[in-house]
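S.K.: The structure follows.
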Amino acid sequence: MSRNRSLGVIAAFALSALTLTGCAASAANSTGGSDSGSPRATKASTITLYTSEPQEKIDAVVAAFSKQQPEITVKVFRAGTGDLTARIAAEEKAGDIGADLLLAADAGTFEGYAERDLLLAYESPEAAKLSKDLIDPEHFYVGTRIIPTVIAVNTNVITDAPKSWKDLTDPKYAGKIAMPNPDVSGAAAYNAAVWLNEKSLGTSWLEGLAKNKPLIADSNGPVSQAVADGSSPVGIVVDSLVRDLAAAGSPIKAVYPSEGVPFVSQPVGIFADTKEPEASKLFVDFLISKEGQEIAASQSYLPVRDDVESPKGAPALADITLLTPSLETIRASQADAVKTFNGLFQ
């Protein structure tokens, strides 16, 4: 099948479908679940979800889903995207993928699974509320939240914050930067490919950044903590974690670099060999329903629906410059980009 499409996915979406600011509505105050009517009933069943979501966040999503669908038990296996894709590869080789659904990573990862016939096509009724750019045209996956990578700074330590990615190559930041490992973080692997394919950055920028000897942490979580505690007062990290820590009182803020920010949409997809397709479809429905997206916004993510407000302190998508290379370019170059990154930083 031909699946060569653009990752200019949120550009039009940002400008026309969403102009969101203000406070996120609390999931606890949500007035309901699906906008497509009463939730469909299902038989007692158990589904397994592979996800890179932080444990406390996915626990909250599962708890809310379980209230709506008490007959469905959701078992969660949580790991970094790199570990998840390695696990799926091993299970694919053995002929038995151990999950019903995957919620992680970026569209490119799901494109690869779709090409290998590992995913079940499903058009959720909730998808009508989303920009078509977030939905795989063949309905093998759908984006569930918008997660840009930004520069984070500790405001107690950094008084003159960088304004661009290029600023991070300044020797004054030597030994002060932390960033996630692309072998573990799917977003970091995606970012490496975006940066190397961006004309204003490319290999020379990455080489300059490497000269400042950043700390390479396993994932975005440790990076955000290092910025918050000041051990690495500058970080390259997803913006939702910055908002989480700022809301908890940490001296941290996000900078959206002038060149633009890479982002992932954390798709969800159902594995083709699931034994519980109906229960799995209900979980997909919930993730992109109004209630599911209110939970996402309450967890500091930018929502994918225009009837759900952005988190407090988050810029409107229309005010963010997004780096949107073609999906085919990212897929073709990501492995080499990670190899280049590792050669420079590890």
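Read-outs: derived from the displayed coordinates by stated rules, not from any lab. Keep in mind the model is a prediction, meaning the values are calculated, not measured. For neighbour counting, all protein chains shown are included, and Cβ atoms are generated from backbone atoms with ideal geometry for every residue, glycine included.
S.K.: Sticking with the crude label model, points 7 Å out along Cα→Cβ, report the distance from E207 to A248 in nm, one decimal please.
M.R.: Here the modelled spin labels are 3.9 nm apart.
S.K.: By a straight-distance test (C-alpha under 21 Å), which lysines pair with K75 as possible cross-link partners, with residues fewer than eight away in the same chain excluded?
M.R.: Those lysines meeting the cut-off are K43, K57, K67, K275, K281.
S.K.: Just tell me which lysines come within less than 30 Å, Cα to Cα, of K199; anything on the same chain fewer than 8 places away is out.
M.R.: Leaving aside lysines fewer than 8 places away in the same chain, those within reach of K199 are K132, K163, K166, K172, K176, K211, K213, K253, K339.
S.K.: For the chain, return all DSSP H helices satisfying: extent of Cα atoms along own axis at least 24 Å; mean Kyte-Doolittle hydropathy at least 0.0. Present the calculation step by step, with values, prior to reporting the outcome.
M.R.: Numbers: long enough: 327-345 (25 Å, 0.12).
The qualifying helices are 327-345.
S.K.: Follow-up. Working only with C-alpha atoms, what are the Rg and Dmax values of the range 42-111, expressed in angstrom?
M.R.: Using the Cα atoms of the range 42-111, the pair Rg, Dmax is 13.0, 36 Å.
S.K.: Right, here's the next one. Go ahead and run the numbers for FRET between Q55 and A174, Cβ-Cβ distance against an R0 of 30 Å, rounding to 0.05. If you can, show how the numbers build up before the last one.
M.R.: Values: r = 34 Å, r/R0 = 1.13.
Plugging the Cβ-Cβ distance into 1/(1 + (r/R0)^6) gives 0.30.
S.K.: With the Cα gyration tensor of the range 167-272 giving a ≥ b ≥ c as the square roots of its eigenvalues, does the rule (a/c under 1.5 for rounded; else a/b larger than b/c for prolate; else oblate) give rounded, prolate or oblate?
M.R.: Values: a/c = 1.69, a/b = 1.08, b/c = 1.57.
Note, shape of the range 167-272 comes out oblate.
S.K.: Answer with a single label: of (i) 42; (ii) 24; (iii) 21, which was calculated as percent of Cα pairs over 34 Å apart from the structure in view?
M.R.: From the options (i) 42; (ii) 24; (iii) 21, the structure gives (iii).
S.K.: What nm value, rounded to one decimal, do you get for the distance between K43 and D307 when each label is placed 7 Å out toward the C-beta?
M.R.: Label-label distance for K43 and D307, simple model: 3.2 nm.
S.K.: Rounded to the nearest 20 Debye, what is the dipole magnitude of the range 151-292 about its Cα centre when Lys and Arg each give +1 and Asp and Glu each give -1 at the C-beta?
M.R.: Details: 12 positive and 16 negative charges, 96 e Å.
Dipole magnitude for the range 151-292 comes out near 460 debye.
S.K.: With charges only on Cβ, +1 for K and R and -1 for D and E, what is the dipole size of the chain about its Cα centre, in debye, rounded to 20? Before the final figure, lay out each step's value.
M.R.: Working: 30 positive and 42 negative charges, 125 e Å.
The dipole magnitude comes to about 600 debye.
S.K.: So if R0 is 30 Å, what FRET efficiency would E278 and N342 give, r being the distance between their Cβ atoms, rounded to the nearest 0.05? Intermediate results must be reported in sequence, preceding the final value.
M.R.: Values: r = 42 Å, r/R0 = 1.41.
So the FRET efficiency works out to roughly 0.10.
S.K.: Using the C-alpha gyration tensor of the range 249-346, what are the square roots of 5 times its eigenvalues, in whole angstrom, with the largest one first? Show your work: numbers first, answer last.
M.R.: Numbers: eigenvalues 155, 120, 36 Å².
Rounded to whole Å, the semi-axes are 28, 24, 13.
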